[in-house]
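The values are calculated or read from the model by the stated rules, or taken from the named source; none is laboratory data. Quick caveat: nothing in here was measured; it's all calculated off a predicted structure. Cβ atoms come from the backbone with ideal geometry, glycine included; neighbour counts cover every protein chain shown. Remember, those area values only see protein heavy atoms, side chains included, never the ligands or the DNA or RNA. Shrake-Rupley method; radii C 1.70, N 1.55, O 1.52, S 1.80 Å.
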Amino acid sequence: MAHLDIGQLVQRILADIQVGKLADGQRKLPAEPVLMERYQVTRYTLRQALKQLSNMGYTYQMHGIGTFVRQQQTNNSIALQHDGGLSEAAARAGLKLATKKAVMAMTTDAEFLPEAGHLKDNEELIDIRRFRELDGQPYLMEHSYYIKAIVDTIPEEALYGSLFNYFEQQRDVNIGFIDQLLMSEPLPEIAGEFMNLANGAPSLVVKDETYLTTGKMLAFSKQYYDYRRARLFMVKKIR
């Protein structure tokens, strides 16, 4: 059996939780020795994976009692706090997020600007719109601008997968952090057509600004969600 690294173990535990193989009727996970034996991993690897699951909002720990799966994982909600792309976050909740259609162009005239800082005059941007479905139904339109001086080019096939993974794995680009802002805005006409909603219908919007480990901005975007289906959660940890 191949040894699992921490990221692989996180995925395996989440998959087993989703199909009901791991947690008991009280949503409690087995004790550490049982999990170590089940997945053939060291205590360090297991604890790091459990820490990631907790930080991502999927589990919580009651000291002296054990680790429990959070209730949100039973109602088709997606964690807003995650350390990867949105596709991966949906998959962890047992959902499939896929790009139905993607459009890419070059521009120096963005329809919206990042909250922090300003772009250079006539900054070249890669303008991407992705129309994404959740379990086969329209879910969101993602409108992103990538700084061409950093990105240069993006292959079309990458638009139909995880752009986050593309930049993390296929290019010499190290993503450091992503700032997110939640707001409400009228739905753009092109997004309304995709979601079968009227132009100007209300939309939950998540505005992202993605930065490299050097502090340079890589991209900024708006994700326009179908308000009828959007269920996002985040955890406010007290202790």
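Filtering region 169-201 to residues that are among the acidic types (Asp, Glu) and within 24 Å of Phe233 (Cβ to Cβ) leaves Asp179, Glu185.
Filtered by the rule that a residue be of a type in the set (A, V, I, L, M) and either within 24 Å of the chain's Cα centre (by Cα) or modelled with pLDDT under 95 (or both), region 93-108 gives Ala93, Leu95, Leu97, Ala98, Ala102, Val103, Met104, Ala105.
This table checks each residue for (1) assigned to a loop (DSSP other than H, G, I, E, B); (2) surrounded by fewer than 17 Cβ atoms within 10 Å (Cβ to Cβ); (3) at pLDDT 90 or above.
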| site | (1), (2), (3) |
| --- | --- |
| Leu14 | no, no, no |
| Lys21 | yes, yes, no |
| Ser87 | no, no, no |
| Ala110 | yes, yes, yes |
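The set of residues from region 47-63 being closer than 16 Å to Pro30 by Cβ and not hydroxyl-bearing (Ser, Thr, Tyr) comprises Arg47, Ala49, Leu50, Leu53, Gln61, Met62. Close contacts from region 199-226, counting a first residue that is closer than 20 Å to Glu168 by Cα and a second that is assigned to a loop (DSSP other than H, G, I, E, B) and polar (S, T, N, Q), with Cβ to Cβ under 9 Å and a gap of 6+ residues or different chains, come to Leu212/Asn174; Thr213/Asn174; Thr214/Asn174. Of the residues making up region 193-235, those that are in a loop (DSSP other than H, G, I, E, B) and charged (D, E, K, R) number 4.
Scanning region 151-192 for residues that are assigned to a helix (DSSP H, G or I) and either open to solvent by less than 40 Å² (accessible area, probe 1.4 Å) or modelled with pLDDT of 90 or more (or both) yields a total of 13. Within region 89-108, can you find the residues that are assigned to a strand (DSSP E or B) and open to solvent by 60 Å² or more (accessible area, probe 1.4 Å)? Listed by number, the residues that qualify are Lys100, Lys101, Val103, Met104, Met106.
Identify, by number, the condition in (1) of a type in the set (Lys, Arg); (2) part of a loop (DSSP other than H, G, I, E, B); (3) closer than 19 Å to Pro186 by Cβ that Arg129 doesn't meet. Of (1) of a type in the set (Lys, Arg); (2) part of a loop (DSSP other than H, G, I, E, B); (3) closer than 19 Å to Pro186 by Cβ, only one is false for Arg129: (2). Would you check if there is a residue in region 137-145 being touching a Ser or Thr at 6+ places or on another chain (Cβ under 8 Å) and over 24 Å from Met56 (Cβ atoms)? Looking through region 137-145, at least one residue is touching a Ser or Thr at 6+ places or on another chain (Cβ under 8 Å) and over 24 Å from Met56 (Cβ atoms).
Just one of the listed residues (Thr74, Thr59) is under 27 Å from Arg229 (Cβ atoms), of a type outside the set (Phe, Trp, Tyr), at pLDDT below 85 and out of contact with any Gly (no Cβ under 9 Å at 6 or more places or on another chain), and it is Thr74.
Among the residues of region 24-41, which ones are closer than 17 Å to Val10 by Cβ and open to solvent by 80 Å² or more (accessible area, probe 1.4 Å)? Listed by number, the residues that qualify are Arg38, Gln40.
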